[in-house]
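Trainee: Handing you a structure now.
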Amino acid sequence: MKTVNHWIGGKTVEGASGNWGPVTDPATGAVTTRVALASAEEVDAAVGAAKAAYATWGTSSLAQRTGILFRYRALLDAHRDEIAALITAEHGKVHSDALGEVARGLEIVELACGITTQLKGELSTQVSNRVDVSAIRQSLGVVAGITPFNFPAMVPMWMFPLAIACGNTFVLKPSEKDPSAANLLAELAAEAGLPDGVLNVVHGDKIAVDSLLAHPDVAAVSFVGSTPIARHIHTTASANGKRVQALGGAKNHMLVLPDADLDAAADAAVSAAYGSAGERCMAISAVVAVGAIGDELVARIRERAEKIKIGPGNDPASEMGPLITKAHRDKVATYVTGAAAQGAEVVLDGTGHTVDGFEDGHWIGLSLLDKVSTDSDAYRDEIFGPVLCVLRAETYEEGVALINASPFGNGTAIFTRDGGAARRFQLEIQAGMVGVNVPIPVPVGYHSFGGWKDSLFGDHHIYGNDGVHFYTRGKVITTRWPDPSEAPTGVDLGFPRNH
């Protein structure tokens, strides 16, 4: 059986706690790997390696950092398929989805390659007689990232490349459910020339997380995961004096107006709700149909959903893979089986789906629930699976009010041909990311990703300008030098005194 150990100080370090976690192939249900679960002492060793490396990395030149990052980008590009294969083997998503994940992570590596312009300071001269004021940004020190199972390569790449480009050193705690991609990312960084200790990977569970949150040498924590855990991360790390960005859960809505292209809206709903088996914080899980279009829209969504081929992620014919664990599969199924009792119409029930030859895999089919009420479990909770809820609204205003009443505010979208309605929506909706005829409005790397309300705890979104600001702190310097003509008697600076 394969073993995944820690990566500390530029080398593989065997787990010493005696605790191991199972890693399962979701397509077969078989345990294929064991992963080391770190003790507090092992976390301390990773932080110690990062702290030691910061002594030189924190003062390294921008040219050195960007040179390494350019080489790193080339290595990641050359190993796309290998990284994607690890994602598919441990997460279960189809290979094309996994390749897309790697591509989105590479965007942030490319942003980090241009850190020289992001870290430029400001200067104001002669603010008073012979007084200049400058502003610079400096690194924080050791920073940590705690990342989720659904994007085991992309989300880490949303964090550590920018953090180390800014001059910090990094300790990554990836999900123990699919840990292999994180180690490969670290190994490739070392191959690119990243000094030992600048990037460390420590695997673990709550013990490792709590150790990072309390460690006095960790200056900042980045997190992506569920809202309850994000709230805990923010509260605990902040209480320990750390800077925190904690991205939580979501219930992303798609508002479809009566004038929308229903074929385009149905295509978007299917891809956004069921892509990556719905295990995305930006998945569309609630469609709000306005006016009389509801029945027709639901019919078109059903027609498309019934054609999606479900199978192992390494099968090129598969369009959707299994869920990450059996327990998660069973939990997702309860929302469908209990939907009718809470007033929903079950248009598609995917809970009994199996795949021939892979009967022990964590399979679930696509489910479509219509006429869902806002007080039902399927609507209120982040299901994180291939379940799409359709709600009805009589007017645009009613639809917007419904969406804004949600405690989540991650992403949302509107489908319409009316530019005026779209403009109103993007200003009136209470969410951090908005799509206009774009179902999953994940910003490109040079803009920042993040939600509102219970979808984000902390002041900074991730990557983009917000990411640079999160991983640095500002310093303002006020300088006054005497004029050379005022030099003390006897000191000759070669400066004329009769000017």
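The values are calculated or read from the model by the stated rules, or taken from the named source; none is laboratory data. The model shown is predicted, which means the values in this text are computed figures rather than measured ones. Each accessible area value is taken on the protein alone, full model and side chains, heavy atoms only, with ligands, DNA and RNA left out. Shrake-Rupley method; radii C 1.70, N 1.55, O 1.52, S 1.80 Å.
Trainee: What lysines does Lys331 reach when the alpha-carbon gap must be under 24 Å and sequence neighbours fewer than 8 apart in one chain are set aside?
Mentor: The reachable lysines, counting only those whose Cα sits under 24 Å from Lys331, are Lys93, Lys177, Lys206, Lys251, Lys309, Lys371.
Trainee: With every protein chain kept in place and ligands, DNA and RNA left out, what is the accessible area per residue of the chain? Probe 1.4 Å, answer in Å². Display every interim value, and only then the final one.
Mentor: On the way: 20120 Å² over 499 residues.
Result: 40 Å² of accessible area for each residue.
Trainee: List every residue whose amide H lies under 5 Å from the amide H of Gly9, counting only residues 5 or more places away in sequence or on a different chain, with H placed 1.01 Å from N in the peptide plane.
Mentor: Gly197
Trainee: Given only helices, namely DSSP H runs of n ≥ 4 each adding -39500 (n - 2.57), what is the per-residue ellipticity at 222 nm of the chain, to the nearest 500 deg cm²/dmol? Walk me through the numbers before you get to the answer.
Mentor: Values: 16 runs with 183 residues, N = 499.
After summing the helix terms and dividing by the residues of the chain, the value is -11000 deg cm²/dmol.
Trainee: Sticking with this structure for a sec: Roughly to the nearest percent, how much of the accessible area of the chain is carbon and sulfur, given a 1.4 Å probe?
Mentor: Values: 10550 of 20120 Å².
For the chain, the apolar C and S fraction of the accessible surface comes to 52 percent.
Trainee: Can you give me the angle between helix 154-165 and the longest principal axis of the chain, using Cα atoms only, in degrees from 0 to 90, rounded to the nearest 10?
Mentor: For 154-165 against the chain, the angle is about 0 degrees.
Trainee: Would you mind classifying the chain by shape? Square roots of the alpha carbon gyration tensor eigenvalues, ordered a ≥ b ≥ c; an a/c under 1.5 is rounded, otherwise it is prolate if a/b is larger than b/c and oblate if not. Walk me through the numbers before you get to the answer.
Mentor: Working: a/c = 2.42, a/b = 1.50, b/c = 1.62.
Cα axes put the chain in the oblate bin.
Trainee: Moving to a separate point now. Tell me, what HN-Hα J-couplings in whole Hz come from the Karplus equation 6.51 cos²θ - 1.76 cosθ + 1.60 at θ = phi - 60° for each residue of segment 450-457, using x for Gly and Pro?
Mentor: x, x, 10, 6, 6, 9, 8, 10
Trainee: Kindly identify segment 7-116 as rounded, prolate or oblate by the Cα gyration tensor criterion: order the square roots of the eigenvalues as a ≥ b ≥ c, call it rounded if a/c is under 1.5, otherwise compare a/b with b/c, prolate if a/b is larger, else oblate.
Mentor: Values: a/c = 3.27, a/b = 1.16, b/c = 2.81.
Taking the square roots of the gyration eigenvalues as a ≥ b ≥ c, segment 7-116 is oblate.
Trainee: Hey, another quick one. Once both axes come from the Cα atoms, what is the angle between helix 294-305 and the longest principal axis of the chain, in degrees from 0 to 90, rounded to 10?
Mentor: 80 degrees
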